[in-house]
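FYI, it's all coordinate maths here, none of it is from the lab. This is a predicted model, so every value here is computed, not measured. As a convention, Cβ positions derive from the backbone with ideal geometry for all residues, glycine included, and neighbour counts pool all protein chains shown.
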Amino acid sequence: GGIITQTPKFLIGQEGQKLTLKCQQNFNHDTMYWYRQDSGKGLRLIYYSITENDLQKGDLSEGYDASREKKSSFSLTVTSAQKNEMAVFLCASSRGQGYYAEQFFGPGTRLTVL
Amino acid sequence: GDSVTQTEGPVTLSEGTSLTVNCSYETKQYPTLFWYVQYPGEGPQLLFKVPKANEKGSSRGFEATYNKEATSFHLQKASVQESDSAVYYCALSGPSGSWQLIFGSGTQLTVMP
């Protein structure tokens with residue numbers, strides 16, 4: 001087994017601020033993902049990374065940067081926080097494709113922008 | 001492109017009643033199909049997955065059959081409990097060469113005691 005750790009659990013920012021969210025996994029998975037989840041809505045893919053130093057844009061990448069510093073960690077930066085923004089950011093990892101595309105999720109970082 | 005459509009929520013049921021959450025998909029490939037469950041305050045977790053047509057997956061009293069002809073993967077449970085209150089996501093593995101899962105929009109289930 002393994003675990004995905006996301007820090008911080010709660011993040012409060014100011015409008016226009018640059019904010020960084022961090023994710024660590026000990027599954028030894030190659031692929032990692034960042035999703036955004038708005039209240040009552042589904043999962044929207046922001047970025048994913050197939051391997052260390054790789055970055056692939058998802059449908060919602062505008063306004064975000066990502067960094068895969070090493071196999072076990074994947075960071076997401078909100079480049080300019082939007083006023084009254086509230087969302088949960090979920091990190092996930094997976095072993096492979098097809099049958100092995102199962103993603104394991106972290107508990108999320110809850111963002112509030114004042 | 002590939003897509004997943006599932007029952008729009010919210011769905012409210014009384015304890016002991018049966019549940020069906022519809023899931024239909026579109027793809028040109030032969031995907032693995034997944035059901036995820038997300039409890040309040042947590043990330044989604046895998047309920048079960050099914051890699052082949054006509055096979056059934058099951059876990060915690062939930063089950064779904066991979067119906068390739070109907071392109072469906074409906075989630076069912078005979079008797080729901082209050083603890084089943086959660087959001088349920090249907091998903092399929094992406095096209096060959098893709099590392100993504102294609103998720104449905106989720107179905108919020110509330111079970112009343």
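Would you grab the residues whose amide H sits under 5 Å from the one on residue B:105? Only those 5+ places off in sequence or on another chain, please, with H modelled 1.01 Å from N.
Hits under the 5 Å cutoff: B:6.
Of the listed pairs A:83/B:28; A:41/B:49; A:22/B:68; A:9/B:56; A:18/B:49; A:71/B:28, which have alpha-carbon separations greater than 30 Å here?
A:83/B:28; A:22/B:68; A:9/B:56; A:18/B:49; A:71/B:28
How long are the three semi-axes of the equivalent ellipsoid of the protein assembly as shown, in whole Å, if each is the root of 5 times an eigenvalue of the C-alpha gyration tensor, listed from largest down? Intermediate values should be presented prior to the final figure.
Numbers: eigenvalues 174, 92, 44 Å².
Equivalent ellipsoid of the protein assembly as shown: 29, 21, 15 Å, largest first.
Do you know the relative contact order of chain A, to the nearest whole percent, from alpha carbon pairs under 8 angstrom that are 6+ apart?
Once divided by the residue count of chain A, the mean separation gives 35 percent.
Where does each of B:2-9, B:52-59 land if you order them by average Cβ count within 10 Å, highest first?
Working: B:2-9: 17.2, B:52-59: 12.6.
My ranking of the peptides, most packed first, is B:2-9, B:52-59.
Within 10 Å of each Cβ of A:34-43, how many other protein chain Cβ atoms are there on average?
Per-residue shielding by partner chains comes out at 4.
What do you get for Rg/Rh of chain A when both radii come from the Cα atoms and Rh is the Kirkwood radius?
That ratio is 0.96, to two decimals.
Taking residue A:57 as the anchor, which aspartates and glutamates have their alpha carbon closer than 13 Å to its alpha carbon, excluding any fewer than eight residues away along the same chain?
A:65
Computed over the Cα atoms of region B:56-113, what is the convex hull's projected area averaged over all directions, in nm²? Display every interim value, and only then the final one.
Numbers: hull surface 20.1 nm².
Its Cα hull, projected and averaged over all orientations, spans 5.0 nm².
Remind me, relative contact order of chain B in percent, using alpha carbon pairs under 8 angstrom and six or more residues apart? Before the final figure, lay out each step's value.
Details: 285 pairs, mean separation 42.3, N = 113.
So the answer I get is 37 percent.
Enumerate the calculated ³J(HN,Hα) couplings along region A:21-31 in order (Karplus 6.51 cos²θ - 1.76 cosθ + 1.60, θ = phi - 60°), each rounded to whole Hz, writing x wherever the residue is Gly or Pro.
10, 10, 9, 10, 9, 10, 7, 6, 7, 7, 9
Taking the radius of gyration and the Kirkwood hydrodynamic radius from Cα positions alone, what is the Rg/Rh ratio for chain B, to two decimal places?
0.96
Taking the beta-carbon count within 10 Å as an exposure proxy, list B:60, A:95 from fewest neighbours to most.
The most exposed by this proxy come first: B:60, A:95.
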